[in-house]
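Notes to accompany the following structure.
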Amino acid sequence: LDRLKTALADKYAIERELGSGGMATVYLAEDLKHRRQVAVKVLRPDLAAALGSERFLREIEIAAQLHHPHILPLYDSGDADGFLYYVMPYEAGLSLRDKLAREGELPVGEAVRLLRDVVDALTHAHKRGVVHRDIKPDNVMLSDRHGLVTDFGVAKAVSEAAGRDKLTTAGVALGTPTYMAPEQATADPHVDHRADIYAVGVLAYEMLAGRPPFVGATPQVVLAAHVTEPAEPVTKHRETVPPALASLVMRCLEKKPADRWQTGEELLRQLETLTTPSGGITPADTKPVAPVRAVRPGNVAVGTGVVVAIAVLGFFGWSLLRPSQPVVTVSNIRQLTRAPEIEIEPAVSPDGREVAYSAGFGGDWDIFVKDLGGGRAFPLTADRPGRQGNPRWTPDGRSVVFVEFTDVSLASLMIPRLGGSTRTIANALMWDVRAGRVAYARGFRAESLLVRPIDGGEEISVRAVPLWPHSAALSPDGSKLAWVEGNVEFIRARSLGNVAPSSIWIAGVGDGEPVQVTDHPSLNVSPAWMPGGRHLLFVSNRDGPRDIYVLRLDVSGRPRGQPVRVTTGLDPHSISVSADGSTVAYSQFALRRNIWQLAVPERGSVSISDATPVTRGNQIAEGHGVSRDGRRLAFDSNLEGNQDIYLMPVDGGEPTQLTTDPGEDFNPDLSPDGSEIVFYSSRHGTRDLFLVSADGGSEIRLTDDVGEDYHPSFSPDGLGIAFVRLADNETAVYVMSRDTVGGEWSDPRRLAAATNTMASWSPEGDRLVYPVGIGLAVISLEGDEQILLDGAAAGLAAVDFPGWSRDGRIIYFRAADSTGALGLYAIPAAGGTPHVVVRFDDPTKSVWMIYSLGDDRVYFSLAEYESDIYVMDLEME
């Protein structure tokens, strides 16, 4: 182990062993360059010696090219001092093996969902010539509600590099006997992708029956059974498995490869069919009914006739009136882009041959165009100043319209698809171009949605919204407009992927009242119309992680039935549909946000690149608060799927989950004595304040108002809470109080108008500092206000999120200078000249808005983004 640590010391800090198997030992390590936890898998020394590194690394490089939502990616591989190793993300959750060991057989719906994830990953790999050869529960990690296949291509790489004889000498079995196809068990040299399909059958059998189809005292007995014995029907061990699913599983287990499903794509289509409303998975139980009352013989005929008549009329009435749900099939998913920048906002050209998209990092974004057939992406706006985004094609496909942001303005421009001179469409924020019309919004705050002819003409006001409507999409004929209300931060460059609720609305252009077509407590974004305007695709996290949904609409744009989930595990950010509806482009978007710490300098400034992590892992941690003694950290995270409140030691350790409501909980603050945590939640549709004990034992709701309540904080004595409320087009600071700890809270009292969403207590608890205009104000609890900072006079373009130092001498705040560069600033509490304390100058670390202060440290939420453009085929029935 010491030799391994030394060999990898320049790239990875080995922390501890996680486990070992037939081919490798797995270690938990820190990736020193990217400051993230990884799993380093080191081949057994005897196997590495038998292989040699050159061919192994050449073959494993193929596996590194696999990029798919359900494949755990290969980060790195190499030869260090004789150690052959490969590196993958560290998934702290359970494997499917752990889940099966703990629970036994799985619910049918959950088993099918995980099977679909695995087969989706296999389909992607098989199309690229990669066969896994070792599909088993140990190699399926569980992330949220989905499965991630690990060690893709590793078994193939080992076999191709060394050949079977050397592997036998090294004592390594390729594959696991319980999951080996007959052709693997007999060392057939012509093993192909259908061996993976057999292993999927074994995997499915075990998830449904609680045991694999073949068991034995020795591996040799199991291998012989795979070759010679027919598998017992899965229904023999579990009668409630639906017949269609049972048939699917047993066909996977056919002895001859030619008798199985022939491709992963074919199997995937069958699994998708089983999960549609008309598919083969239905509830296996029945509901109790009241006993039938006895009928006199003379009334039997009449009674039967009435019942039959009612049944017939009821059936035909239900058939005519029920909203039929759309059945959507997706296939042929392929990755279009792979650049290290964030690539989002795809727009499919009208002919379905090209995709325009925006890509960049930090404040530098450009528009690119790429052919779906391959080739290099063409940088359409690389020579233009400012940031370009939100590309849309003109109906003839000859030009691209985009939005250009500079330090002082924004405009919507049109440019030929291969570059050239631009012309201005509107000095406004353009959202969509369709049917000769353009949909746009005025100003940076984008509070009104407007539609007019693309070449100019009369404006039609569609909607005036105080909550920043965004992502508007015109229907194919230009007669309707769909848009999103809430969580505009989700699409902003500096807060991409923000976790907050939003809803989709539709209105006729020029007539008709707006109609809300999705619920608000979940994220609903990126509406995209299908041809004919009777179906709307959109992105939502209503049933877990983000996926694509479809909603059927009537002729007026009102929903008919509930949204239907189209995909599983895509994590899309934004989507686009071709004019004929056959092609969908989406940006697969992964966001990891953890909490980092940094010492506050006594003088001068430090770079955010000097920060060190407090939390780790694949999660989104946003708001946080440090206890007064500096020992504990409360934070919100999606570790268990949705945003909940957690508590952990600042110096490391396992977090304790305090809230479990299906709603989203944010921005906790610990009481001075550490016994309570206040936070806000969207669990009831609007943001309200809640209080939970630090042991998670009790929880109460503090506010219940039509407004949105944000960012609560405890007063130093624990008897007051300050927060910001957005209601009636006004943002204002409110306070509420109680007489004793554990006592009743008063109704909130409005203290002052504000321009942002955070107020901070002075150490004495007699004053609050909050943003007002481009500056800061301090107000007493009696309402005496004074301006502390005029940001414009100090050369600042934006000021927000103030916080008082523990000793009361300094007030910190986040600000942007005249160039747009962000940083954490400090100003004496008595007033004076602000100066930068922390420079947000590392483009690899995106700083979230929220920070919290300890005695001598500041804590930030720092984000890591990954986003590429994918394309898939779509069919709708």
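The values are calculated or read from the model by the stated rules, or taken from the named source; none is laboratory data. A quick note: this is a predicted structure, and the numbers were derived from the prediction, not measured. Virtual Cβ from ideal backbone geometry, glycine too; neighbours counted across all protein chains shown. For accessibility, only protein heavy atoms count, side chains too; no ligands or nucleic acids. Shrake-Rupley method; radii C 1.70, N 1.55, O 1.52, S 1.80 Å.
The residues of segment 235-257 that are in contact (Cβ under 8 Å) with a residue 60 or more places away in the chain and in a helix (DSSP H, G or I), listed by number, are LEU245, PRO257. The conditions of being closer than 27 Å to ALA435 by Cα, among the hydrophobic types (A, V, I, L, M, F, W, C) and over 24 Å from the mean Cα position of the chain (by Cα) are not met by ILE548. Of the residues in segment 92-110, at least one is touching a residue at least 60 places away in the same chain (Cβ under 8 Å), within 18 Å of the chain's Cα centre (by Cα), under 23 Å from GLU17 (Cβ atoms) and part of a loop (DSSP other than H, G, I, E, B). Which numbered condition in (1) within 30 Å of GLY373 (Cβ to Cβ); (2) touching a helix residue (DSSP H, G or I) at 6+ places or on another chain (Cβ under 6 Å) is the only one that LYS845 fails? Going through (1) within 30 Å of GLY373 (Cβ to Cβ); (2) touching a helix residue (DSSP H, G or I) at 6+ places or on another chain (Cβ under 6 Å) one by one, LYS845 breaks only (1).
Close contacts from segment 41-54, counting a first residue that is more than 24 Å from LEU28 (Cβ to Cβ) and assigned to a helix (DSSP H, G or I) and a second that is open to solvent by less than 30 Å² (accessible area, probe 1.4 Å) and at pLDDT 75 or above, with Cβ to Cβ under 7 Å and a gap of 6+ residues or different chains, come to LEU51/LEU84. Select from segment 474-520 the residues that are assigned to a loop (DSSP other than H, G, I, E, B) and charged (D, E, K, R) and write down the one among them that is most open to solvent (accessible area, probe 1.4 Å). My answer is GLU513. If you check ASP790, ASP766, ASP717 for being in contact with a Gly (Cβ under 6 Å, 6 or more places away or on another chain), surrounded by fewer than 16 Cβ atoms within 10 Å (Cβ to Cβ) and closer than 22 Å to SER852 by Cβ, only one passes: ASP717.
Considered as a group, the residues in segment 394-426 that are part of a loop (DSSP other than H, G, I, E, B) and hydroxyl-bearing (Ser, Thr, Tyr) include one that is least open to solvent (accessible area, probe 1.4 Å), and that residue is THR394. When ALA49 is tested against (1) modelled with pLDDT of 80 or more; (2) over 28 Å from ARG145 (Cβ atoms), only condition (1) is not met.
You will find that of GLY685, GLY707, GLY697, the residue that is in contact (Cβ under 8 Å) with a residue 60 or more places away in the chain and under 30 Å from PRO521 (Cβ atoms) is GLY685 and no other.
Residues that are open to solvent by less than 70 Å² (accessible area, probe 1.4 Å) and either under 30 Å from LEU591 (Cα atoms) or within 36 Å of the chain's Cα centre (by Cα) (or both): does segment 827-837 have at least one?
Taking segment 827-837 as the starting set, the residues that turn out to be open to solvent by less than 70 Å² (accessible area, probe 1.4 Å) are 827-829, 831-832, 834, 836-837.
Now narrow it down to the ones that are either under 30 Å from LEU591 (Cα atoms) or within 36 Å of the chain's Cα centre (by Cα) (or both): 836-837.
Checked segment 827-837: at least one residue is open to solvent by less than 70 Å² (accessible area, probe 1.4 Å) and either under 30 Å from LEU591 (Cα atoms) or within 36 Å of the chain's Cα centre (by Cα) (or both).
The set of residues in segment 381-393 that are open to solvent by less than 10 Å² (accessible area, probe 1.4 Å) and at pLDDT 95 or above contains only PRO391.
Being of a type in the set (A, V, I, L, M, F, W, C) and assigned to a loop (DSSP other than H, G, I, E, B) is the filter; apply it to segment 565-582 and report the residue that is farthest from ARG552 (Cα to Cα). Steps first, please.
Step one: of segment 565-582, the residues of a type in the set (A, V, I, L, M, F, W, C) are 566, 570, 575, 577, 579.
Within this subset, residues satisfying the condition of being assigned to a loop (DSSP other than H, G, I, E, B) are 566, 570, 579.
On the way: VAL566: 13, LEU570: 21, ALA579: 18 Å.
For segment 565-582, the residue satisfying everything is LEU570.
When you look at PRO391, is it in contact (Cβ under 8 Å) with a residue 12 or more places away in the chain and not in a strand (DSSP E or B), yes or no? Answer is no for this residue. Can you go through ILE548, ILE460 and tell me which one is open to solvent by 10 Å² or more (accessible area, probe 1.4 Å) and among the β-branched types (Val, Ile, Thr)? Of ILE548, ILE460, the one residue that is open to solvent by 10 Å² or more (accessible area, probe 1.4 Å) and among the β-branched types (Val, Ile, Thr) is ILE460.
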